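I have placed the structure first, in the form of structure tokens, so that the comments after it can refer back to it.
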């Protein structure tokens, strides 16, 4: 009976994939997407406001200014990228907002609609605007690639039988909220979604490098940032929260090194345009 149930879930998931999939920018990979953007954005904005009400915003004016400056430049790069790649219709879905949370956690995340949170604990590793651009570009890369929607869609298919988001919120509100927080890295560990992590990370790394380069930040500095994150991981008894869903290792750093030649033209173009 248990095997039959698993088999039915797998068949149902395959069916959903064939009728409801989208394409990831850069890679062209097909991904499961059964949640309407309007529903996901509504839930995202609600959860974002709830999070801000439950956490302390940083009073560090200099750090806040840096987060908002980098975030604005990255968001402008994202919108330019969408226009250049015939996805301008998606721009209206973004209501950009960047906030710095006072916390010792080494963490950052982004929600659909351009809601981005940086934890003050990650700033010493970022060091400067360029390091912060690596972080924010990467997190926003997850959103542009639709990774959260993909994770939510898999969660609804596997855990809740493929019911609509509105039905899940009505019948299982707490479980659905936990699924949302897990999908976007703002709460629980990834759990059964972990096998997708490295694929998503590679795609977010690629997009993030492009966004930071278009924003005028040298993408070559991404290698230095991830090397600092690796040292932080090695020197800690428990990995930073940021690394629980963002594996940092030599393979990743090597992959970034290989991507650098592909993204440098975006950086040179941004420098040329600003002069």
- Taking a ≥ b ≥ c as the square roots of the Cα gyration tensor eigenvalues, with a/c under 1.5 meaning rounded and otherwise prolate when a/b beats b/c or oblate if not, the range 39-130 comes out oblate
- Query: Between residue 83 and residue 269, how many nm apart are label points set 7 Å from Cα along the C-beta direction?
  - Reply: 1.2
- Item | Cα gyration tensor category, rounded, prolate or oblate, for the range 68-118 with a/c compared to 1.5 | prolate
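Each reported figure results from applying straightforward, stated rules to the coordinates on display, with no laboratory input. What you see is a predicted model, and the numbers here were worked out from it, not measured in a lab. With ideal geometry, Cβ positions are generated from the backbone for all residues, glycine too; neighbour counts draw on all protein chains shown.
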